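Take a look at the structure set out below.
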Amino acid sequence: MSDVYVIGVDMIKFGRFPERTVPNLGAEAALMALDDAGLTIEDMQALYCGNLGQANAMVGQRILQEIGQTGMPVVNCSNACATGATAFREAWTSIRAGLFDVVLAVGVEQMGKGLLGGTGAGKGIPKEGLLGSGTMPAVFAEAGMEHSRKYGTTFEQFAKISVKNHHHSTMNPKAMYQIETPLEEVMNAEMISYPNSKLMCSVNVDGSAAAVLVSEKKAKELGMARAVKVRASALTSDPYQERDLVMPDVNTCTRKAAKEAYEMAGVGPEDIDLVELHDCFATAEMLHYENLGLCEDGEAGKMIDEGEVALGGKVPVNVSGGLLSKGHPLGATGIANIYEVCTHLRGEAGERQVEGAKLGLTHVIGLGSACGIHILEKVN
């Protein structure tokens, strides 16, 4: 089985583009990644496309209609917030299996405004509003309060995550928002679902990201100067467990994926230099410090208090600004996270560069459940 390398990767600046189509957005990122690799669409042997909102619209094929139809195989995938990471993993798998040497992965989404999730009004008694809420702000607020119950995590500690990520965003020109949000402003913002105020919720935006993956043979042929090795790729779903499903478990599949990824890479969390994780809400980021093994259970609040997860800290988390300020276009997020980590491993992150970064981890979770984790390594 061949090792797999990212030879080209890029993303568009996230924002709102109501005048554009989903394939048009995806095509832009695809061309940017191809340019970064010094290749063209004619060099690609397959395309794996991640999109959620238009999952039945053959978005991958429609992207090729914009940039060049070569007759290559196209696979479209949809896997909640893990959609982009799943497309990337499928591309990785195809090279590992020896099917292809050069593959393009694209993640793209055009989002509306408003709350995500909810159980809807299916047959029988509707659960929404009677047995809690399936909207994402409520689900992750509930998870945060459970962490607070167990470990005494405070509203202020959750809010500090938003302060950190918004500060990081001021150094990322591709983030939707690039603004400072002082602690008092975060805590006094409109409350969406306690303890998550409006400034502690991810931003619904439009966006796309793409990556060109190649075999080791092809990477050596093209030149390894900016190549990034994929040390591990893990994708999990929740195992069955006896618990109250009115309160979804947002931790299990991340812990399982993290264990598999670390074992595949032959490293531990202590070896990771930076992390881009799924901060759909500030409460979620807090939980994932522990789920990814960055600290022991109950110590996540201490990590944010002591600045260990900020730029310049022990293991910087979401130096891109994260979903809280960069934005969260569902199908694109997984590959956008990979772009961010690759940029640091290449030493090209500018003002927000994590100095000396050699190993980075990306993480996304789609509630329902799916979790994708990738560990990436600097080659040169």
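Those residues that are of a type in the set (Lys, Arg) and part of a loop (DSSP other than H, G, I, E, B), I need them from segment 332-380; list them, please.
So in segment 332-380, the residues of a type in the set (Lys, Arg) come out as 346, 352, 358, 378.
Hits for segment 332-380 are Arg346, Lys358.
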Within segment 16-39, residues surrounded by 17 or more Cβ atoms within 10 Å (Cβ to Cβ), more than 19 Å from Asp206 (Cα to Cα) and of a type outside the set (Asp, Glu) come out as Leu34, Ala37, Leu39
Restricted to segment 349-380 and to residues being surrounded by fewer than 24 Cβ atoms within 10 Å (Cβ to Cβ) and either free of Cβ contacts under 8 Å to residues at least 12 places away in the same chain or among the β-branched types (Val, Ile, Thr) (or both), the residue nearest to Ala234 (Cα to Cα) is Val379
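From Asn204, Asn172, which residue is assigned to a loop (DSSP other than H, G, I, E, B), within 15 Å of Gly327 (Cβ to Cβ) and in contact with a helix residue (DSSP H, G or I) (Cβ under 7 Å, 6 or more places away or on another chain)? Walk me through it before giving the result.
Values: Asn204 fails: in contact with a helix residue (DSSP H, G or I) (Cβ under 7 Å, 6 or more places away or on another chain).
So the residue among Asn204, Asn172 that is assigned to a loop (DSSP other than H, G, I, E, B), within 15 Å of Gly327 (Cβ to Cβ) and in contact with a helix residue (DSSP H, G or I) (Cβ under 7 Å, 6 or more places away or on another chain) is Asn172.
Checking the conditions here, which among Gly107, Gly98 is touching a Phe, Trp or Tyr at 6+ places or on another chain (Cβ under 8 Å) and either buried (at least 18 other Cβ atoms within 10 Å of the Cβ) or modelled with pLDDT of 95 or more (or both)? Talk me through it step by step, then tell me what you get.
On the way: Gly98 fails: touching a Phe, Trp or Tyr at 6+ places or on another chain (Cβ under 8 Å).
The unique qualifying residue is Gly107.
Can you name the residue in segment 60-91 that is of a type outside the set (Val, Ile, Thr) and farther than 19 Å from Ser208 by Cα and is also nearest to the chain's Cα centre (by Cα) among such residues? Even if it seems obvious, please write down each step before you answer.
Going through segment 60-91, the residues of a type outside the set (Val, Ile, Thr) turn out to be 60-62, 64-66, 68-69, 71-73, 76-82, 84-85, 87-91.
The next check asks that each one be farther than 19 Å from Ser208 by Cα; those that pass are 69, 71-73.
Numbers: Gln69: 29, Gly71: 30, Met72: 27, Pro73: 25 Å.
Applying the filter and picking the extreme gives Pro73.
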Those residues of segment 40-59 that are closer than 21 Å to Ser215 by Cβ, crowded, with 18+ Cβ neighbours inside 10 Å and either among the aliphatic types (A, V, I, L, M) or out of contact with any Gly (no Cβ under 6 Å at 6 or more places or on another chain) (or both) come to a total of 5
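Given the criterion in contact (Cβ under 8 Å) with a residue 40 or more places away in the chain, within 21 Å of Val108 (Cα to Cα) and surrounded by 22 or more Cβ atoms within 10 Å (Cβ to Cβ), identify the matching residue among Leu277, Leu292. It would help to see each step written out before you state the result.
Details: Leu292 fails: within 21 Å of Val108 (Cα to Cα).
Testing whether each residue is in contact (Cβ under 8 Å) with a residue 40 or more places away in the chain, within 21 Å of Val108 (Cα to Cα) and surrounded by 22 or more Cβ atoms within 10 Å (Cβ to Cβ) leaves just Leu277.
Test of understanding: among Ala284, Ala332, Ala336, Ala300, which residue is touching a Phe, Trp or Tyr at 6+ places or on another chain (Cβ under 6 Å), closer than 29 Å to Ala55 by Cα and of a type in the set (A, V, I, L, M, F, W, C)?
Details: Ala332 fails: touching a Phe, Trp or Tyr at 6+ places or on another chain (Cβ under 6 Å); Ala336 fails: touching a Phe, Trp or Tyr at 6+ places or on another chain (Cβ under 6 Å); Ala300 fails: closer than 29 Å to Ala55 by Cα.
Being touching a Phe, Trp or Tyr at 6+ places or on another chain (Cβ under 6 Å), closer than 29 Å to Ala55 by Cα and of a type in the set (A, V, I, L, M, F, W, C) holds for just one of Ala284, Ala332, Ala336, Ala300, which is Ala284.
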When every residue in segment 31-61 that is in a helix (DSSP H, G or I) and touching a Cys at 6+ places or on another chain (Cβ under 9 Å) is compared, the one nearest to Trp92 (Cα to Cα) is Gly60
Of the residues in segment 128-163 that are among the charged types (D, E, K, R) and crowded, with 17+ Cβ neighbours inside 10 Å, the one that is modelled with the lowest pLDDT is Glu142
If we keep only residues of segment 252-274 that are farther than 24 Å from Gly312 by Cβ and β-branched (Val, Ile, Thr), then the residue surrounded by the fewest Cβ atoms within 10 Å (Cβ to Cβ) is Thr252
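Would you pick out the residues in segment 183-231 that are among the hydroxyl-bearing types (Ser, Thr, Tyr) and in contact with a strand residue (DSSP E or B) (Cβ under 6 Å, 6 or more places away or on another chain)? Let's see the steps before the verdict.
Filtering segment 183-231 for residues among the hydroxyl-bearing types (Ser, Thr, Tyr) gives 193-194, 197, 202, 208, 215.
Correct list: Ser197, Ser208.
Out of Ile179, Ile161, Ile192, which single residue is under 22 Å from Ala143 (Cβ atoms), over 19 Å from the mean Cα position of the chain (by Cα) and of a type in the set (A, V, I, L, M)? Walk me through how you get there before you give the answer.
Working: Ile179 fails: under 22 Å from Ala143 (Cβ atoms); Ile161 fails: over 19 Å from the mean Cα position of the chain (by Cα).
Checking each option against the conditions leaves just Ile192.
The values are calculated or read from the model by the stated rules, or taken from the named source; none is laboratory data. Remember, it's a predicted structure, so these values are computed and weren't measured experimentally. Neighbour counts are summed over all protein chains in view; Cβ atoms, including those assigned to glycine, are modelled from backbone coordinates with ideal geometry.
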